[in-house]
Amino acid sequence: MTESEATLLEQELQEQEEKESQKLKSRDDLLKLGERIREDPEQMIAAIERLLKVRDRNGTIRPLVANAAQRAFEKRRGRQHIVLKARQMGITTWVAARFFLKTITSAGTLTVQVAQTREAAEGIFRMAQRFWEQLPDELREGPLRRGRANVGQMSFPELDSEFRILSAGDEGAGRGLSIQNLHLSEVSRWPGDAQETLAGLRAALSPAGEMVIESTPNGAYGCFYTEWSRASSSGTVQHFFPWWMEKDYVADAVTYFSQEEKMLILAHGLTARQIGFRRGLVASYQALRTQEFAEDAVSCFRATGDCCFEVEPIEVRLKALADPYTSRRGGALQIWLPPETGRQYLVVADTAGGGSEGDFAAMQVIERRTGLQCAELQQRIAPFEQARVAAELAREYNGAMIVVERNNHGSAVLAYLNEVQEYTNVYEKEGAQGWLTTAANKPQMIGELGALLVLSPDMFRSKRLLEECRTFVNMPNGSTGAANGAHDDCLMAMAIAQAVRSELLTRR
């Protein structure tokens, strides 16, 4: 669009806005508009373009005219949405705009927008403030006169409606509220237990409410990845917006194309200038290009270097898993291979304190010669019960050797094994019972498990274990551990099991 065409469009929109604003002078006028925009996507687009203004990338305040991604979102709207997108596609702006409009055209409406940080949340709220400030005077001084406006709230007493922002890090975010419109922004980067925060906000959404989860990808693990993966089976509308939907993502045209570029041109109709832009992304973002500027809904998740393990073999194995042969303890104990006469086994316990929250106790049963996973327990149980279950499994599996990680609560489990269960086949090293995980041996344990996941993925049969592998990441301080909101109990029990197995084989 040329500058003259943009100016003409802006003039036309202003004229249309003046005509329409004359019709929006009362509470009833707004409520009638609300009915139209809820029923018809085109009415929603037209109303946003007519009434709401934003500050563009050049700092100019202009009417919010829907781009390709925003228009595509509106065309496929439903009640529950999840949006996977490249950077700077305008989706956060569009959802803020449509929810602001729904707030000011509906009675008794609470809209809540939640961002990954307080700073990001305040940025969204400044956008909403601008929406209100740029409305016609007769609306701002009439039915949309504000009753309360502070850093995070804006209320409209005549409609009994409110627009509010929160940070995902706020304690008890959403608790006690009844929300009609819920916008969750950059969920892949939420701090803490993002899944728990999301569950609390979902509980606050009214049965007929609308929710939009949107984010750029950030690894094949965590809350957003989980939500995206199960969206199709939960009735949630999935939206994927690759970078080339943004018209400004162009650069100097190129004159020759690689085979990969030719395939993109054929599949998506990319231009020579878009290919030029893509080459610039390769130089600037390198391995993170497909994460920050997504081209498909699979590779964008795998681009991150945070996961400690190769993601692809894990995902291939997950798809091939069979159900357990049997399960016990309400599904906490899963068994794939029962004991066979003449075989030797290890029962390995990653212990925990047994509270109703926090880490699980985990146990892995593997065959000593092959390392094949036979059974797995994941449950929050006290050390006394952990010792009893470990002894029962060991007796069932031909008098297996029990290996207890003696860090933290392991000493209590070992004491119960010795004194209460009177079980004698317990792993020891250098005269001390139990396995000690240290900063020195943990990297080797994780490395060996990673190699087995690539070379012998059929050894592993547990969905819980493999999903923990997918969410086990490199931390900023150089250590490794479970991503925010994830667990690594089954993983650590298996890493210890394979390390002990390797050690026992070399002892012979």
Tally Lys/Arg at +1 and Asp/Glu at -1 over every other residue whose Cβ is under 13 Å from the Cβ of residue 374; what's the total?
+1
Tell me, what is the percent relative contact order of the chain, built from C-alpha pairs under 8 Å that lie six or more residues apart?
12
Once the in-chain neighbours fewer than 8 apart are removed, the lysines whose Cα is under 30 Å from residue 53 read 19, 23, 25, 32, 75, 85, 102, 247
In terms of the Cα gyration tensor, with a ≥ b ≥ c the square roots of its eigenvalues, is segment 28-150 rounded because a/c is under 1.5, prolate because a/b exceeds b/c, or oblate?
rounded
Residues of segment 172-187 with amide nitrogen under 16 Å from the 7 Å Cα-to-Cβ point of residue 118?
172-174
Student exercise, the chain dipole from Lys, Arg, Asp, Glu Cβ charges, in Debye to nearest 20:
400
What translational diffusion coefficient, in µm²/s and rounded to a whole number, does the Stokes-Einstein relation yield for segment 264-353 at 20 °C and a viscosity of 1.002 mPa s, taking the hydrodynamic radius as the Kirkwood radius over Cα pairs?
118
Under 5 Å, built H, 5+ apart or other chain: amide partners of residue 401
345, 347
How much of the DSSP bridge set in the chain is antiparallel, in percent, rounded to the nearest 5?
50
At a threshold of 8 angstrom on Cα-Cα distance, excluding pairs fewer than six apart, so keeping six or more, what relative contact order does segment 311-507 reach in percent?
23
So what's Rg/Rh here for segment 205-245, counting alpha carbon atoms and using the Kirkwood radius for Rh?
1.00
Debye calculation, C-alpha points only, no solvent: report log10 I(q)/I(0) for segment 3-241 at q = 0.15 Å⁻¹, in the same order as the q values.
-1.03
Cα-centred dipole magnitude for segment 3-241, charges only on beta-carbon of K, R (+1) and D, E (-1), debye, nearest 20:
460
From the Cα gyration tensor of segment 311-507, with a ≥ b ≥ c the square roots of its eigenvalues, which class applies: rounded if a/c is under 1.5, or else prolate if a/b is larger than b/c, or else oblate?
rounded
Along Cα→Cβ, 7 Å out, is where each label goes; now give me the distance between the ones at residue 208 and residue 429 in nm to one decimal.
6.3
Full-extension gain between residue 296 and residue 251, please, as 0.36 nm times their residue separation minus the C-alpha to C-alpha distance.
14.1 nm
Take segment 132-255, drop everything but the C-alpha atoms, weight them equally and run the Debye formula without solvent; then report log10 I(q)/I(0) at 0.12 Å⁻¹ to two decimals.
-0.64
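No value in this document is a laboratory result; all are computed from the given coordinates. From a predicted model like this one, the values you see are computed outputs, not experimental measurements. Backbone-built Cβ (ideal geometry, glycine too); neighbour counts: all protein chains shown.
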